[in-house]
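Novice: Okay, here's the structure, questions in a sec.
Taken together, the values in this text are just the output of simple stated rules run on the coordinates, not laboratory data. Keep in mind that this is a model prediction, so the values were computed, not measured. Neighbour counts are summed over all protein chains in view; Cβ atoms, including those assigned to glycine, are modelled from backbone coordinates with ideal geometry.
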Amino acid sequence: MGEEGSIAVLMPVHNAEAYLREAMESILTQTFENYSLIVVDDGSCDSSWSIIEEFQDKRIVKIRLPESKGIVNALNTALSPCDLATTTSMVCSSVMVKLYPSSDTG
């Protein structure tokens with residue numbers, strides 16, 4: 001992490017199995033690819049961690065906390081591996097729309 005022009009997307013997760021897959025896919029399908037997605041499972045009791053584990057993408061950093069300590073702790077945990085000047089966060093119940101059209105559409 002830390003390439004020039006790269007960003008970190010921080011995603012705290014707690015019992016979000018209903019939304020998580022779609023939220024992660026919405027980030028991973030963006031045409032801008034110079035980013036890291038840092039997903040922190042904040043002690044979920046549902047299948048959130050299993051869903052996170054399904055994603056095999058080198059841009060994803062997966063962190064699992066043994067117990068829930070809240071969103072602020074999860075965001076602080078997500079910031080710890082970052083050495084980037086630009087970060088953003090996205091709640092796991094949101095979907096990111098494509099911001100830019102693909103450049104290969106002609």
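Novice: Obtain the nm distance between the two label points defined at residue 30 and residue 54 by a simple spin-label model: each point lies 7 Å from its Cα along the Cα-to-C-beta direction.
Specialist: So the label points at residue 30 and residue 54 sit 2.2 nm apart.
Novice: Taking square-rooted eigenvalues a ≥ b ≥ c of the alpha carbon gyration tensor, is the stretch 7-89 rounded, prolate or oblate, where a/c under 1.5 means rounded and, failing that, a/b exceeding b/c means prolate?
Specialist: Because a/c hits 1.5 or more and a/b fails to exceed b/c, the stretch 7-89 counts as oblate.
Novice: I need the phi-derived Karplus couplings for the stretch 46-57: 6.51 cos²θ - 1.76 cosθ + 1.60, θ = phi - 60°, integer Hz, Gly and Pro marked x.
Specialist: Going residue by residue, I get 9, 8, 4, 5, 4, 5, 4, 5, 5, 7, 10, 9 Hz, with x marking Gly and Pro.
Novice: Would you order 22, 67 from fewest to most other beta-carbon atoms within 10 Å of each residue's own beta-carbon?
Specialist: 67, 22
Novice: Something else about it: In debye to the nearest 20, how big a dipole does the stretch 7-89 give about its Cα centre with +1 on each Lys and Arg Cβ and -1 on each Asp and Glu Cβ?
Specialist: Using only the charged Cβ atoms, the result is roughly 220 debye.
Novice: With label points built 7 Å along Cα→Cβ from the Cα atoms of residue 69 and residue 46, find their separation and express it in nm.
Specialist: 2.4
Novice: Right, here's the next one. If you rank 40, 72 by fewest surrounding Cβ atoms within 10 Å, what's the result?
Specialist: Ascending Cβ contact count within 10 Å gives the list 72, 40.
Novice: Starting from the amide H of residue 16, placed 1.01 Å from N in the peptide plane, find each other amide H under 5 Å away whose residue is 5 or more places distant or on another chain.
Specialist: Here the answer is 48, since their amide H atoms fall under 5 Å of that of residue 16.
Novice: Okay, moving on. Modelled label-to-label distance, residue 17 and residue 79, 7 Å Cα→beta-carbon offset: nm?
Specialist: Going by the 7 Å Cα→Cβ label model, 3.2 nm.
Novice: Fewest Cβ neighbours within 10 Å first, please rank 41, 57 accordingly.
Specialist: Result, fewest neighbours first: 57, 41.
Novice: Taking the Cβ of residue 38 as the centre, find all other residues whose Cβ is under 10 Å away and add up their charges (Lys, Arg: +1; Asp, Glu: -1).
Specialist: Once positives and negatives cancel, what remains is +2.
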